[in-house]
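We did not get these values from a lab; they are worked out from the coordinates using the rules stated. What you see is a predicted model, and the numbers here were worked out from it, not measured in a lab. Every residue, glycine among them, receives a Cβ derived from its backbone with ideal geometry; neighbour counts consider all protein chains shown.
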Amino acid sequence: MKRKILASVIMTAAFALTITVACSDNNSDDYLKEQATTVTTTATETTTTTETTTEVATAAKKEYKELVSTYSGTYVATQGLTGLDFSVFGTDEEGKIQALFSFHEDPANPGVPTGSYHMEGTVEKSDNDDIVTVTFKGAEWEKKPETYHIIEFKAVFDVKNGTLESDDYEIKLKKSAGADLTYLINNYDGIYSPDTGDNTIKLTVEDVGDHGDLQAVFEYEPQMGKKSSFITIGQVTNIAPDGKVTASFEGSEWIVEADDKKFIDFEGVFSADGLDFIENGGHNIRVYAQR
């Protein structure tokens, strides 16, 4: 927010001029009201005090936990009828709702590729607590098919009925699975079998972020070789209607460096109860949670 204060001191006599101005920045949430700023200027010093109204502070901190879920259904775009799983994770520090838009083929229109991207939503003010209107804009691709682009839309959540609809792109979704992924924080033990033989591994999911991002430690020990470990960063790319969570992982930082100095990057699916993870690539990773 820019403030411009014009102060003029004509004489050096001791007198003070107090100016109160109000301005607003409407580049974010529509429901944010103006901030009141009081500036006191004297011939020797300037003191600025900013007071944010209680309503603004409350609105900025509102987390909209009632919206946190995965909503599944369909939408219509250039490629025709398309399956959609839309996961709402909650809000960031700026009050923006964080979500993941995951699309895939619908049985009525086979052949549509899978893809996903992050979105951020701005809530519109409403007098009805059961109806929440959010304008969503794309933030970043996670999995992008060629020729596809990010869409923007105004979503209407019906909290009581657990639905999300939009006239934009004929979006029609209903709650299907949870989006709180903290249950994935666990120690998983198992094996993976690359060309060099079986390796015992331990995958420790340590943290889940507010946008489906994961941090884990991957520790493995070949039959012939030394035990190695590294920090791996994961990202959820889909939460299916049955609750299964697809995530991809990329090595980030060595803890104990391997001889070949190569990270193991992989993608796979957590079961809906979070008790196992099975990789769907060429590493044959299968791990199971410690109960």
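Brief remarks follow.
- Partners of Lys143 within straight-line reach, counting aspartates and glutamates whose Cα lies under 20 Å from its Cα and excluding those fewer than 8 residues away in the same chain: Asp85, Glu105, Asp106, Glu120, Glu152, Asp210, Asp213, Glu250, Asp265, Glu267, Glu279.
- When Phe230, Phe218 are arranged by Cβ crowding within 10 Å, least crowded first, meaning fewest neighbours, the order is Phe230, Phe218.
- Sites Lys154 and Asn109 - FRET efficiency at Förster radius 25 Å, r taken between beta-carbons, to 0.05: 0.55
- In terms of other Cβ atoms within 10 Å, Tyr75, Tyr148 run from fewest to most in the order Tyr148, Tyr75.
- Per-pair calculated FRET efficiency, R0 = 30 Å: Asp242 and Asp198 via Cβ, rounded to 0.05: 0.50
- For the pair Val269 and Met224, the difference between a 0.36 nm per residue extended length and the Cα-Cα distance amounts to 13.4 nm.
- Our summary of shape: the Cα atoms of the stretch 79-219 have principal axis extents of 58, 36, 25 Å, ordered from largest down, in whole angstrom.
- Spin-label model distance (nm) - Thr163 vs Val217, 7 Å beyond Cα toward Cβ: 4.8
- Electrostatic tally near Val269: other residues with Cβ closer than 15 Å to its Cβ, Lys and Arg +1, Asp and Glu -1, net -3.
- Above-threshold pairs, the threshold being 25 Å between Cα atoms, out of Lys62/Lys174; Lys96/Lys174; Lys125/Lys172; Lys144/Lys261; Lys154/Lys244; Lys175/Lys202: Lys144/Lys261; Lys154/Lys244; Lys175/Lys202
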